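Quick notes on the structure that follows.
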Amino acid sequence: MTKKAAIYTVGRQLNDGDMYIFSVFDLEPAGLLIRAYCATTSKEITTAPSESEIESAALTRSQTHLASLAASYDLVSKGGIQFLESNIPGINAPKATIQGEGVRQFIAGTKAGDETLPELLTTALAELCKEKPSGLD
């Protein structure tokens, strides 16, 4: 099995202050694979914008567009896990798959209007308990 070479590579500093080496791999027709390797911690984060996301963002595989794509990514934390997220419209935000204590942190930090999700649920359930549902005689 042969290894694929990156079609674009660049080094840049992300919002955590560390330097990352971005490597973009062509997975046509599926899309692109973007790997960010942190030079200081040896941590590696990947993301894979699909072909439809690339088309929606009006990007091609030209060096200019790949440079813009790599420059658009920064780190975001969801449920205690770091992800790469692009600021280019059309490239979807990453979806968090969390487990254990991360679930509790994610739910506690989720906003629902002006309050957190647990606060909203507590208020809603308290209001429901005030009224006796029909059919429970």
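Under 16 Å Cα to Cα from residue 78, which aspartates and glutamates show up? Leave out anything in the same chain fewer than 8 places away.
16, 101
Where does the chain land at 222 nm, in deg cm²/dmol rounded to the nearest 500, when only DSSP H runs of n ≥ 4 count, each adding -39500 (n - 2.57), divided by all residues?
Result for the chain: -8000 deg cm²/dmol, rounded to the nearest 500.
State whether the stretch 1-113 is rounded, prolate or oblate according to the following rule on the C-alpha gyration tensor (a ≥ b ≥ c being the square roots of its eigenvalues): a/c under 1.5 gives rounded; otherwise a/b larger than b/c gives prolate, and the remaining case gives oblate. Display every interim value, and only then the final one.
On the way: a/c = 1.87, a/b = 1.47, b/c = 1.27.
Prolate, because a/c is 1.5 or more and a/b exceeds b/c.
Percent of accessible area on the chain owned by carbon and sulfur, 1.4 Å probe?
Answer for the chain: carbon and sulfur cover 56 percent of the accessible area.
Please list, by residue number, every one of the GluC sites (Glu not before Pro) in the stretch 43-120 that is coil in DSSP and has at most 12 other beta-carbon atoms within 10 Å.
Working: sites: 44, 51, 53, 55, 85, 101, 115, 119; in loops: none.
Filter output for the stretch 43-120: empty list.
Would you grab the residues whose amide H sits under 5 Å from the one on residue 57? Only those 5+ places off in sequence or on another chain, please, with H modelled 1.01 Å from N.
Amide H neighbours of residue 57: none.
HN-Hα J couplings of the stretch 99-111 from phi, Karplus 6.51/-1.76/1.60, θ = phi - 60°, integer Hz, Gly and Pro as x?
Karplus values, whole Hz, x for Gly and Pro: 9, x, 4, x, 5, 4, 5, 5, 5, 5, x, 7, 7.
Using a 1.4 angstrom probe, figure out how much accessible area the chain has per residue, in square angstrom, rounded to the nearest whole.
With the other protein chains kept in place, the chain gives 65 Å² per residue.
Which trypsin sites (Lys or Arg not before Pro) from the stretch 29-137 combine a DSSP loop assignment with at most 11 other Cβ atoms within 10 Å? Walk me through the numbers on the way to the answer.
Working: sites: 35, 43, 61, 78, 95, 104, 111, 130; in loops: 43, 61, 95.
For trypsin sites (Lys or Arg not before Pro) across the stretch 29-137 that sit outside H, G, I, E and B with at most 11 neighbouring Cβ atoms in 10 Å, the list reads 95.
Enumerate the lysines that residue 4 could reach by cross-link, defined here as Cα to Cα under 16 Å, with residues fewer than 8 away along the same chain left out.
none
The values are calculated or read from the model by the stated rules, or taken from the named source; none is laboratory data. Values in this document were obtained by computation on a predicted structure and should not be read as measured data. Neighbour counts run over all protein chains shown; Cβ positions are idealised from the backbone, glycine included. The area values use the complete protein model at the heavy-atom level, side chains included, leaving out ligands, DNA and RNA. Shrake-Rupley method; radii C 1.70, N 1.55, O 1.52, S 1.80 Å.
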